[in-house]
1. I'd like the accessible area for residue 99: 1.4 Å probe, protein heavy atoms, all chains in place, Å² to the nearest 10.
2. Between segment 25-44 and segment 246-298, what is the C-alpha centre distance in whole Å?
3. Bin width 20 Å, alpha-carbon pairs only: give the P(r) of the chain as whole percents, running from 0 to the bin holding the largest distance.
4. From Cα pairs below 8 angstrom and at least 6 apart in sequence, can you work out the relative contact order of segment 194-302, rounded to a whole percent?
5. What relative contact order, as a whole-number percentage, does the chain give when Cα pairs under 8 Å and 6 or more residues apart are counted?
6. What are the ³J(HN,Hα) values, in whole Hz, obtained from phi via the Karplus relation 6.51 cos²θ - 1.76 cosθ + 1.60 with θ = phi - 60°, for each residue of segment 197-211 in sequence order, with x given for Gly and Pro?
7. What accessible surface, in Å², does a 1.4 Å probe find on residue 66, ignoring ligands, DNA and RNA and rounding to the nearest 10?
8. Between residue 283 and residue 249, what FRET efficiency comes out of the Förster formula 1/(1 + (r/R0)^6) with R0 = 30 Å and r the beta carbon distance, rounded to 0.05?
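The values are calculated or read from the model by the stated rules, or taken from the named source; none is laboratory data. The structure displayed is predicted, hence computed values, not measured ones. Please note: Cβ atoms are built from the backbone with ideal geometry, for glycine as well, and neighbour counts cover all protein chains shown. We work out accessible area using only protein heavy atoms, side chains counted, and drop any ligands, DNA or RNA first. Shrake-Rupley method; radii C 1.70, N 1.55, O 1.52, S 1.80 Å.
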Amino acid sequence: MARVTTRTDLNMLVALDALLETSSVTAAAERLHTSAPAMSRTLGRLRRHFGDPLLVRAGRRLVPTEQAVRLRPRVRALMETAGALLADGAGADPASWRHTVTVQMSDVLTADLVPGLLTVMRAEAPGVRLRLAADHTEGTAALRDGLIDLEVGAIDHTDPETLTESLGTLTPALAVRPDHPLTRGDLTAERIAAAGHIGVSRKGLAAGPLDEHLAGLGLRRDVVMVVPAHAPALLLAASTDLVCLVPDRQRDAAGRAGLRVLPLPFALPATTIGMAWHPRTDTDPVRRWLRGHVRTAARALL
């Protein structure tokens, strides 16, 4: 049975949290600003302490053991509690915080929300670091497991205890290169259906609300390809005759990609954008501060 024998054992929880979250000795060492050999020695101590290898080799990577999987949420919760305690002890001054916050954000929002958020962070809380989670955490129990602090986007897969807040809505529009034929003459449903389309779907789906509307008019569009995010869709649309759907208020992101945004000649259902977080971070000053600035930035955009 694992037992706490010295104060050093408590410090090892920080290393254990980093190792379990990254499943990498090198990445955990970088996060804690130490060397890989030192982190490897710490992993050895943790293995002896828990009587379990914790991380085992699977090909070229490390994967957690069953005991490590059980430990992970408990260790993460302890780190969250410790972080909240230290934040409270540091007072209400964000300049004194030293935290990393992890956000899962739709890529279509990242280009418009993150630059302003980073500016505020550097001005008010220079010790806070922002980490954007990979797309594969979307639609998972990442909030419950403590892998992310905040999710921003179309919130439709939350656990029962998850807290949510609506930030606004986005309405679809059409993005095309500046000299695309659709920029000349009347934009009609028939002309839209006749164009080649790039679909955007993390799940690889080719059909959506636009297809339903066109089907009601006896039309069908040609989805030439499907990509998992808006960024590659915008780049491809800028250099081809293909078109893609973008939120109508994302004109800046489309403009940076060299595209024109054309309002659709018919209404499609708007997408509600919100943010979600776990109750354990609800009163944490750092996460509350983060949510406040995301709220301000999103409502200015949406």
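1. It works out to around 30 Å².
2. Using only Cα atoms to place each centre, the spacing works out to 36 Å.
3. Cα pair-distance distribution for the chain, in percent: 28, 48, 22, 2.
4. Across segment 194-302, relative contact order equals 24 percent.
5. So the answer I get is 20 percent.
6. Once θ is set to phi - 60°, the couplings for segment 197-211 become 10, 9, x, 10, 7, 5, 8, x, 7, 9, 10, x, x, 4, 5 Hz.
7. For residue 66, the solvent-accessible surface is approximately 130 Å².
8. About 0.40, to the nearest 0.05.
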